[in-house]
2 protein chains.
Amino acid sequence: MTAEQVARSAREASNLLQTVTSAQKSAVLRRIKQVLEERREDIIAANRSDKEAAQKEVEAGHLSGSLFKRLDIEGAGGEKFATLLQGVDDVDRIPDPIGQVTMARRLDDGLDLYRVVCPVGVCLVIFEARPEVVVNIACLAIKSGNAAILKGGKEANQTNNALAAAIQHAIATTPVQEGQTPFPERAVQVVSTRDEINSLLDMDRYVDIVIPRGSNSLVRHIQNNTRIPVLGHADGICSTYLDTSADLHKAIHTVVDAKTHYPAACNSTETLLVNNTVLESVFVPVAAALLKAGVRIHADSRSLKAIESAGIAKDPSIAAQVFAATDKDFGHEFTDLDIAVRVVDSLDEAIDHINSHGSKHTDAIITEDRASAEWFMRRVDAAGVYWNASTRFADGFRYGFGAEIGVSTNKTHARGPAGLEGLTIYKYYLFGNGQGAVDYGVGEGKHNFLHEDIPLDNVRDKFVL
Amino acid sequence: MTAEQVARSAREASNLLQTVTSAQKSAVLRRIKQVLEERREDIIAANRSDKEAAQKEVEAGHLSGSLFKRLDIEGAGGEKFATLLQGVDDVDRIPDPIGQVTMARRLDDGLDLYRVVCPVGVCLVIFEARPEVVVNIACLAIKSGNAAILKGGKEANQTNNALAAAIQHAIATTPVQEGQTPFPERAVQVVSTRDEINSLLDMDRYVDIVIPRGSNSLVRHIQNNTRIPVLGHADGICSTYLDTSADLHKAIHTVVDAKTHYPAACNSTETLLVNNTVLESVFVPVAAALLKAGVRIHADSRSLKAIESAGIAKDPSIAAQVFAATDKDFGHEFTDLDIAVRVVDSLDEAIDHINSHGSKHTDAIITEDRASAEWFMRRVDAAGVYWNASTRFADGFRYGFGAEIGVSTNKTHARGPAGLEGLTIYKYYLFGNGQGAVDYGVGEGKHNFLHEDIPLDNVRDKFVL
């Protein structure tokens with residue numbers, strides 16, 4: 001199939017998906033879990049074959065160790081595969097958002113307007129070596145009634161194909177009840193080449209949303225090469241600010257967590273901002289804890305001086321972890337055990353730094369002062385604003401969304417960790433009895449609009465669609 | 001100021017707008033109305049001067065009559081200016097969406113997550129000769145806490161400048177209470193050249209959303225030349241479908257209304273789809289009514305034959321209104337008294353036609369059969385799906401939104417007539433007491449997430465931001 005045929009058949013599948021029921025979607029999800037279990041050995045064999053090839057790439061220096069780690073679908077004791085299966089159940093358990101009425105208004109007697117949640121339509125998901133994303137996204141797409149076109153990293157090609165084949169087989173073999181719209185087989189499709197992606201990025205006629213999950217350069221390339229809305233983030237430049245009244249224990253625990261818990265993640269803290277009043281009392285112990293955890297500190301002149309004065313980096317092996325920060329360090333996602341440190345003279349200076357250098361992802365303030373916290377949280381322009389918590393909490397699972405399609409730094413549609421809701425939109429249903437706009441307004445025999453809210457309680461029962 | 005300075009100062013204004021109160025926004029709106037009233041004569045004089053210049057352009061054939069009509073801000077008895085003032089009150093009266101908590105969840109004891117509505121940020125609004133848009137958008141931006149950069153049509157330059165100057169004066173002269181953030185003067189700015197727009201369309205660093213209101217070519221140019229999300233619509237290709245059980249009176253009234261009430265509007269019906277079973281019984285009388293109203297019918301072969309057989313276009317002056325349709329007529333927004341007609345053999349064929357030829361704006365079915373209506377409404381992929389009502393109802397005022405920033409055919413963020421909500425997004429506030437992600441998971445001393453919903457009733461009172 002050409003890319004255009006893939007896109008057109010995804011659109012056709014999307015049209016059919018408008019009338020499948022929640023029960024049907026749930027049956028497909030349960031069947032997917034079943035087929036994945038049945039094909040477990042084959043899928044793991046495909047993954048091992050991908051890993052062997054990747055191992056050679058790592059040895060040749062063509063592939064990073066962290067990318068290699070993400071490729072594995074099995075886990076030491078099979079726990080990654082178990083998590084993958086669990087993920088199907090998790091999505092199945094999320095309440096179906098489709099068909100929910102979010103606004104109901106009587107415009108006039110006999111003229112009722114309803115705003116009803118519906119799928120976005122066709123999603124193009126492009127991801128790098130994390131094959132479990134195939135299952136994750138396919139399940140989220142199915143649950144939300146979207147058609148999905150998936151393109152994984154070439155390192156995981158065999159695994160991706162094995163997973164996608166299992167999903168397609170599950171869709172095709174889910175029993176259809178009499179009178180039901182059959183679940184469209186093309187609801188989940190896979191493409192494998194970069195050329196196909198470039199063609200699909202042009203097809204705003206068929207594709208409604210693009211979800212890139214991967215490196216900054218991947219996301220930026222996609223953002224620069226499509227008119228289709230992109231849900232995701234290029235950079236995750238998160239900051240933590242130590243305010244004048246920061247509690248020492250909270251500062252150490254949250255900053256070390258935010259930097260070291262998973263440094264490659266987009267929600268890791270990359271910049272530490274320090275109020276000058278707590279340079280010795282809070283920053284120095286935080287820096288000592290970071291250095292002990294193996295973090296390289298890129299310190300501005302004032303924080304560098306504080307580290308030196310405190311003598312916490314005397315040991316040559318520790319001294320080797322301390323650098324003078326450059327301007328570039330403050331707009332950079334290290335994705336590693338590195339942190340940039342800047343001293344500020346006020347809360348507002350910290351806020352300004354974040355609003356001009358950050359990536360609107362997630363930023364935290366460590367303070368005992370509620371007024372400062374609230375000022376920071378309102379003024380910082382980011383998807384997540386945290387008070388006394390690690391930036392690492394910015395995650396769909398931790399937020400309790402059941403599953404995550406991505407983390408968005410957009411300012412429209414979906415922001416922050418996005419779950420099923422990010423794949424939905426709404427449409428307006430108007431029920432009339434033959435009215436025209438001409439019937440309303442000023443003049444004899446004209447009607448006035450009522451604009452009465454219809455209570456949403458039980459509206460779903462009355463409004464069976 | 002350069003375009004970059006305008007954009008940067010809009011961003012700075014947007015940051016300050018995060019902490020202005022509802023009362024402040026309301027005070028600014030009331031002051032705007034006051035200044036507009038005070039400056040009424042000056043504004044109308046500027047508008048007359050614009051109209052005189054435009055009249056010459058119309059005479060020279062450089063400007064269309066409908067564009068000229070939209071330029072007027074006064075109205076025959078001053079009623080357009082009165083509507084403009086009324087519009088300020090209308091926006092003031094809409095409940096403030098900012099600060100609303102739309103989700104609240106206890107992740108753990110002492111770790112609470114809130115999703116709070118906030119402004120999108122900086123909006124760039126580009127519109128053509130409808131100067132009242134300056135006031136409309138400025139008020140919506142202020143009410144929703146957004147900074148706005150406005151660019152109007154050059155035909156309305158003097159009017160736009162007079163209105164913008166009044167708004168800026170109102171902002172600058174609204175009294176500030178002690179302890180309040182001053183309302184930023186650069187919350188509303190105006191630019192006047194196309195070069196500035198082209199520069200601004202590149203500044204996704206500062207501008208969060210672009211709202212074009214104008215011709216297809218204006219909107220398409222913008223969509224093709226920016227990475228910033230665009231809210232609006234290029235085409236308004238709406239269809240009305242006459243189903244097998246269409247009621248004759250409802251069909252005539254809604255179709256004539258949808259075509260003739262305001263043919264230049266985006267929500268006018270451009271395509272009439274007719275089930276072959278009602279060709280004589282319903283379509284012929286509808287066609288007769290359309291012809292009588294001066295509509296030119298572009299009919300496919302079967303509907304053309306029905307018109308001829310029925311003899312409703314025998315009169316030569318009426319016959320001149322009937323044309324054989326070309327393929328192009330079905331993907332075209334006439335914005336005039338023209339309608340394309342196609343006969344279909346089934347409900348699904350009508351749905352397929354709309355999904356492949358329409359612009360996802362608003363589509364109607366005329367039928368007495370609820371099952372057909374619901375099938376149509378679910379399957380048609382459009383912002384508005386109507387049963388027995390004119391497509392002309394697709395409008396923020398008719399929907400009761402108080403005011404409209406535009407009509408969106410996007411599949412993400414805002415869809416259909418968009419009011420204040422289209423200018424808002426949310427951010428996640430997390431309140432902790434020093435937790436790290438490492439504290440959660442499997443293992444000794446680790447916590448489990450609670451993920452308990454916090455009831456939203458009264459959450460706003462507890463959560464004073």
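For the range B:382-396, name all the residues that are part of a loop (DSSP other than H, G, I, E, B) and more than 12 Å from the chain's Cα centre (by Cα). Full working, then the answer.
Going through the range B:382-396, the residues part of a loop (DSSP other than H, G, I, E, B) turn out to be B:382-383, B:390, B:394-396.
Listed by number, the residues that qualify are B:ALA382, B:SER390.
Given the structure, is B:LEU17 aliphatic (A, V, I, L, M), surrounded by 20 or more Cβ atoms within 10 Å (Cβ to Cβ), modelled with pLDDT under 95 and in the same structural domain as B:PRO131 (by TED's automatic domain parsing)? No; evaluated as a whole, the condition is false for this residue.
Against the conditions (1) farther than 25 Å from B:GLY422 by Cα; (2) more than 9 Å from every other protein chain (Cβ to nearest Cβ), A:SER359 satisfies every one except (1).
Please verify whether A:TYR399 is at the interface with chain B (Cβ under 7 Å from one of its Cβ atoms), among the hydroxyl-bearing types (Ser, Thr, Tyr) and not in a loop (DSSP other than H, G, I, E, B), treating the condition exactly as stated.
Numbers: at the interface with chain B (Cβ under 7 Å from one of its Cβ atoms): yes; among the hydroxyl-bearing types (Ser, Thr, Tyr): yes; not in a loop (DSSP other than H, G, I, E, B): no.
For A:TYR399, the condition - at the interface with chain B (Cβ under 7 Å from one of its Cβ atoms), among the hydroxyl-bearing types (Ser, Thr, Tyr) and not in a loop (DSSP other than H, G, I, E, B) - is not met.
Any residue in the range B:82-103 that is more than 26 Å from the chain's Cα centre (by Cα) and closer than 30 Å to B:ASP453 by Cβ? Yes, the range B:82-103 has at least one match. Scanning the range B:272-289 for residues that are part of a helix (DSSP H, G or I) and either β-branched (Val, Ile, Thr) or at the interface with chain A (Cβ under 9 Å from one of its Cβ atoms) (or both) yields a count of 5.
Which number in (1) over 27 Å from the mean Cα position of the chain (by Cα); (2) within 30 Å of A:SER356 (Cα to Cα) marks the one condition that B:GLN24 misses? With respect to (1) over 27 Å from the mean Cα position of the chain (by Cα); (2) within 30 Å of A:SER356 (Cα to Cα), B:GLN24 is out only on (1). The requirement of being more than 22 Å from the chain's Cα centre (by Cα) and assigned to a helix (DSSP H, G or I) is fulfilled nowhere in the range A:174-184; no residue meets it.
For the range B:411-421, which positions are in a loop (DSSP other than H, G, I, E, B), within 10 Å of chain A (Cβ to nearest Cβ) and closer than 25 Å to B:PRO95 by Cα? Give the derivation first.
Applying the first criterion (in a loop (DSSP other than H, G, I, E, B)) to the range B:411-421 yields B:411-415, B:419.
Still in the list and also within 10 Å of chain A (Cβ to nearest Cβ): B:411-415.
Across the range B:411-421, the qualifying residues are B:THR412, B:HIS413, B:ALA414, B:ARG415.
Quick grid of which residues meet (1) crowded, with 16+ Cβ neighbours inside 10 Å; (2) of a type in the set (Asp, Glu); (3) at pLDDT below 95; (4) assigned by TED's automatic domain parsing to the domain that holds A:ALA162:
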residue	(1), (2), (3), (4)
A:ARG31	yes, no, no, yes
A:GLU37	no, yes, no, yes
A:GLU132	yes, yes, yes, yes
A:ILE142	yes, no, no, yes
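For the range A:422-442, does any single residue satisfy the condition of being touching an Asp or Glu at 6+ places or on another chain (Cβ under 9 Å) and more than 10 Å from chain B (Cβ to nearest Cβ)? No, every residue in the range A:422-442 fails to be touching an Asp or Glu at 6+ places or on another chain (Cβ under 9 Å) and more than 10 Å from chain B (Cβ to nearest Cβ).
The criterion of at least 1 residues that are of a type in the set (S, T, N, Q) and surrounded by 14 or more Cβ atoms within 10 Å (Cβ to Cβ) is met, among strands (runs of 3 or more DSSP E) falling completely within the range A:290-381, by A:362-366.
Of the conditions (1) touching a Ser or Thr at 6+ places or on another chain (Cβ under 6 Å); (2) over 29 Å from A:TYR428 (Cα atoms), A:VAL20 satisfies every one except a single condition; which number is it? If we test A:VAL20 against (1) touching a Ser or Thr at 6+ places or on another chain (Cβ under 6 Å); (2) over 29 Å from A:TYR428 (Cα atoms), just (2) comes out false. Considering only the range B:20-31, I want to know if a residue exists there that is within 14 Å of chain A (Cβ to nearest Cβ), in contact with a Phe, Trp or Tyr (Cβ under 7 Å, 6 or more places away or on another chain) and not polar (S, T, N, Q). Yes, some residue in the range B:20-31 is within 14 Å of chain A (Cβ to nearest Cβ), in contact with a Phe, Trp or Tyr (Cβ under 7 Å, 6 or more places away or on another chain) and not polar (S, T, N, Q).
Condition (residue is more than 30 Å from A:ILE43 (Cβ to Cβ), in contact with a helix residue (DSSP H, G or I) (Cβ under 6 Å, 6 or more places away or on another chain), assigned by TED's automatic domain parsing to the domain that holds A:LEU337 and not in a helix (DSSP H, G or I)) applied to the range A:245-254: is it met by at least one residue? It would help to see each step written out before you state the result.
Going through the range A:245-254, the residues more than 30 Å from A:ILE43 (Cβ to Cβ) turn out to be A:245-254.
This time we only want the ones that are in contact with a helix residue (DSSP H, G or I) (Cβ under 6 Å, 6 or more places away or on another chain), so: A:246, A:248, A:251-252.
If we keep only those that are assigned by TED's automatic domain parsing to the domain that holds A:LEU337 as well, we get A:246, A:248, A:251-252.
Next, only the ones that are not in a helix (DSSP H, G or I) stay: A:246.
So far as the range A:245-254 goes, yes, one or more of its residues are more than 30 Å from A:ILE43 (Cβ to Cβ), in contact with a helix residue (DSSP H, G or I) (Cβ under 6 Å, 6 or more places away or on another chain), assigned by TED's automatic domain parsing to the domain that holds A:LEU337 and not in a helix (DSSP H, G or I).
Would you tally the residues in the range A:390-400 being buried (at least 23 other Cβ atoms within 10 Å of the Cβ) and more than 11 Å from B:TYR428 (Cβ to Cβ)? Talk me through it step by step, then tell me what you get.
Restricting attention to the range A:390-400, the residues satisfying the condition of being buried (at least 23 other Cβ atoms within 10 Å of the Cβ) are A:390-394, A:399.
Okay, now just the ones that are also more than 11 Å from B:TYR428 (Cβ to Cβ), so A:390-392.
Final tally of qualifying residues: 3.
Of all the criteria given as (1) away from chain A (no Cβ under 14 Å); (2) touching a strand residue (DSSP E or B) at 6+ places or on another chain (Cβ under 9 Å), the one not satisfied by B:THR173 is (2). Being crowded, with 18+ Cβ neighbours inside 10 Å and of a type in the set (A, V, I, L, M) is a property that holds for A:LEU107.
Residues in the range B:228-271 that are facing chain A (nearest Cβ under 9 Å) and touching an Asp or Glu at 6+ places or on another chain (Cβ under 7 Å) were compared, and the one that is surrounded by the fewest Cβ atoms within 10 Å (Cβ to Cβ) is B:ASP247.
For the range A:373-383, indicate whether the set of residues that are on the phi > 0 side of the Ramachandran plot, facing chain B (nearest Cβ under 9 Å) and out of contact with any helix residue (DSSP H, G or I) (no Cβ under 7 Å at 6 or more places or on another chain) is non-empty. Checking the range A:373-383: not a single residue is on the phi > 0 side of the Ramachandran plot, facing chain B (nearest Cβ under 9 Å) and out of contact with any helix residue (DSSP H, G or I) (no Cβ under 7 Å at 6 or more places or on another chain).
Looking only at the range A:438-451, decide whether some residue is of a type in the set (Gly, Ala, Ser), touching a Ser or Thr at 6+ places or on another chain (Cβ under 9 Å) and either surrounded by fewer than 22 Cβ atoms within 10 Å (Cβ to Cβ) or not assigned by TED's automatic domain parsing to the domain that holds A:ALA383 (or both). Break it down stepwise before answering.
Just the residues of the range A:438-451 that are of a type in the set (Gly, Ala, Ser), to begin with: A:441, A:443, A:445.
Now narrow it down to the ones that are touching a Ser or Thr at 6+ places or on another chain (Cβ under 9 Å): none.
Looking through the range A:438-451, none of the residues is of a type in the set (Gly, Ala, Ser), touching a Ser or Thr at 6+ places or on another chain (Cβ under 9 Å) and either surrounded by fewer than 22 Cβ atoms within 10 Å (Cβ to Cβ) or not assigned by TED's automatic domain parsing to the domain that holds A:ALA383 (or both).
Can we say B:ILE405 is in contact (Cβ under 8 Å) with a residue 60 or more places away in the chain, crowded, with 16+ Cβ neighbours inside 10 Å, at the interface with chain A (Cβ under 8 Å from one of its Cβ atoms) and of a type in the set (A, V, I, L, M)? Criteria not met by B:ILE405. Of the residues making up the range B:308-352, those that are within 14 Å of another protein chain (Cβ to nearest Cβ) and either among the charged types (D, E, K, R) or more than 30 Å from B:ASP369 (Cβ to Cβ) (or both) are B:ASP348, B:GLU349, B:ASP352. The number of residues in the range B:211-222 that are surrounded by fewer than 17 Cβ atoms within 10 Å (Cβ to Cβ) and without any contact (Cβ under 8 Å) to a residue 60 or more places away in the chain comes to 2.
Within the range A:200-217, being within 18 Å of A:VAL190 (Cα to Cα) and more than 12 Å from chain B (Cβ to nearest Cβ) holds for A:LEU200, A:LEU201, A:MET203, A:PRO212, A:ARG213, A:GLY214. Quick check on the range A:316-329. Is at least one of its residues on the phi > 0 side of the Ramachandran plot and either modelled with pLDDT of 95 or more or not small (Gly, Ala, Ser) (or both)? Scanning the range A:316-329 turns up no residue that is on the phi > 0 side of the Ramachandran plot and either modelled with pLDDT of 95 or more or not small (Gly, Ala, Ser) (or both).
The values are calculated or read from the model by the stated rules, or taken from the named source; none is laboratory data. All values derive from a computational prediction rather than experimental measurement. All Cβ positions, even for glycine, are placed from backbone atoms using ideal geometry, and neighbour counts span all protein chains on display.
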